[in-house]
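S.K.: Handing you a structure now.
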Amino acid sequence: MIKVEGVSKTYQGGFTALRDIDLEIKKGEIFALLGPNGAGKTTLISIICGIVNHSAGKISVDGFDIHEDYREARSRIGLVPQELTTDMFEKVISTVKFSRHLFGKKTDPKKIENILKALTLWEKRDNKIMTLSGGMKRRVMIAKALAHEPQVLFLDEPTAGVDVELRQEMWAMVRELRETGVTVILTTHYIEEAQEMADRIGIINKGKLILVEDKNSLLRKLGKKQLILTLKTPLEQDLSDLGVVVSEDKTILTFEFNSSDENTGISSLLKQLEIRGIDYKDLKTEESSLEDIFVGLTGKKA
């Protein structure tokens, strides 16, 4: 659905925001783009949507070049920007209808009604946008993006500043859109959002796309498991030869392993502890989260 080939962006002052980006996004998938502040997430989305010009490379949406076939490419895209940018004195239903007409779509009251109902905005349709809460304003932005029935929906930090309940509702809405064949691309600071929703994940850092991977495959490849043993009494021996990390108070041992390996090393470790007379009262395993992987790749939290 989206093909990005060798795209770079250097601003007039010499700052390079994107460096030779190659990316393909499949029809009907949810793709999450993760990266710290200033990594280039919004710049890449803005270029694909035709808001910012790129310095080099080529981009197509559903086979249409974003420059040569601008109208066709842009008509397939809906964008929910990070900032709440709309006429605050306008009524909800009026601004959504206006967005539909911008793309030359015929008036369709039922379509507008369905979109507003899906976003629980129908009861607020005659309210001025300025009277709505922050979460409701965010929903209006999504309704505007969906008004012309796009095949691709970009969500730039869609749940920034919204409460947990609304965040859950928006996740459910995104899944429903995917079921209708809409391709969804989201940037997010919330690692759990990507882990919960995405089919594939791209990680961008300092303008370079450093990794694109199926979410589950990524967790399997880079996610590590830890065996954590709580000892009955503080440790009095040197266990450096066993590859364990000992806590400062000498009561907890941590052993990192890869669950996909045939030999995890756990059996050998437990046998050695028994031989050395080291008793433990509790044993548990923990798995690396997507956030652990992200921090490991970029050196910072999203």
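S.K.: Take the residues of region 256-283 that are surrounded by fewer than 12 Cβ atoms within 10 Å (Cβ to Cβ) and among the polar types (S, T, N, Q): which is nearest to LEU218 (Cα to Cα)?
M.R.: SER260
Here's the yes/no breakdown for (1) without any contact (Cβ under 8 Å) to a residue 40 or more places away in the chain; (2) touching a Phe, Trp or Tyr at 6+ places or on another chain (Cβ under 6 Å); (3) not polar (S, T, N, Q):
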{"site": "ARG167", "(1), (2), (3)": "yes, no, yes"}
{"site": "VAL174", "(1), (2), (3)": "no, no, yes"}
{"site": "ARG178", "(1), (2), (3)": "no, no, yes"}
{"site": "VAL182", "(1), (2), (3)": "no, no, yes"}
{"site": "ILE185", "(1), (2), (3)": "no, yes, yes"}
{"site": "ASP199", "(1), (2), (3)": "no, no, yes"}
{"site": "GLY202", "(1), (2), (3)": "no, no, yes"}
{"site": "LYS208", "(1), (2), (3)": "no, no, yes"}
{"site": "LEU218", "(1), (2), (3)": "no, no, yes"}
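S.K.: Could you list, in sequence order, the residues of region 51-107 that are within 26 Å of THR188 (Cα to Cα), at pLDDT 90 or above and in a loop (DSSP other than H, G, I, E, B)?
M.R.: The answer is ILE51, VAL52, ASN53, HIS54, SER55, ASP62, ILE66, ARG76.
S.K.: Give just the number: which of (1) of a type outside the set (Phe, Trp, Tyr); (2) under 21 Å from the mean Cα position of the chain (by Cα); (3) loosely packed, with under 14 Cβ neighbours inside 10 Å does GLN82 not satisfy?
M.R.: The failed condition is (3).
S.K.: Let me ask you something else. As an exercise: evaluate LEU253 against (1) in a helix (DSSP H, G or I); (2) surrounded by 12 or more Cβ atoms within 10 Å (Cβ to Cβ) and give the number of the one condition it does not meet.
M.R.: (1)
S.K.: From the residues in region 151-173 that are under 18 Å from VAL61 (Cα atoms) and in contact with a Lys or Arg (Cβ under 6 Å, 6 or more places away or on another chain), which one is surrounded by the fewest Cβ atoms within 10 Å (Cβ to Cβ)?
M.R.: GLN151
S.K.: Moving on to the next point. State which residue is nearest to ILE48 (Cα to Cα) when the search covers only region 137-157 and only residues that are part of a helix (DSSP H, G or I) and either among the acidic types (Asp, Glu) or out of contact with any helix residue (DSSP H, G or I) (no Cβ under 7 Å at 6 or more places or on another chain) (or both).
M.R.: Filtering region 137-157 for residues that are part of a helix (DSSP H, G or I) and either among the acidic types (Asp, Glu) or out of contact with any helix residue (DSSP H, G or I) (no Cβ under 7 Å at 6 or more places or on another chain) (or both), the one nearest to ILE48 (Cα to Cα) comes out as ALA145.
S.K.: In addition: Could you run through region 108-136 and say how many residues are in a helix (DSSP H, G or I), out of contact with any Lys or Arg (no Cβ under 7 Å at 6 or more places or on another chain) and either at pLDDT 90 or above or under 23 Å from SER75 (Cα atoms) (or both)?
M.R.: Counting residues in region 108-136 that are in a helix (DSSP H, G or I), out of contact with any Lys or Arg (no Cβ under 7 Å at 6 or more places or on another chain) and either at pLDDT 90 or above or under 23 Å from SER75 (Cα atoms) (or both) gives 13.
S.K.: If you don't mind, another one. For LYS137, are the conditions met, namely being in the same structural domain as ILE48 (by TED's automatic domain parsing) and touching a residue at least 24 places away in the same chain (Cβ under 8 Å)?
M.R.: Here the answer is yes, as LYS137 does meet what is asked.
S.K.: Conditions first: (1) in contact (Cβ under 8 Å) with a residue 24 or more places away in the chain; (2) part of a loop (DSSP other than H, G, I, E, B). GLY13 passes all but one, so which condition is the exception?
M.R.: Every listed condition holds for GLY13 apart from (1).
S.K.: Which one is surrounded by the most Cβ atoms within 10 Å (Cβ to Cβ), of the residues in region 85-123 that are within 22 Å of ASP156 (Cβ to Cβ) and of a type in the set (Val, Ile, Thr)?
M.R.: Among residues in region 85-123 that are within 22 Å of ASP156 (Cβ to Cβ) and of a type in the set (Val, Ile, Thr), the one surrounded by the most Cβ atoms within 10 Å (Cβ to Cβ) is VAL92.
The values are calculated or read from the model by the stated rules, or taken from the named source; none is laboratory data. Predicted model, so just to flag it, every value in this text is computed and none were measured. A quick note on method: Cβ atoms are made from the backbone with ideal geometry, for glycine too, and the neighbour counts reach across all protein chains shown.
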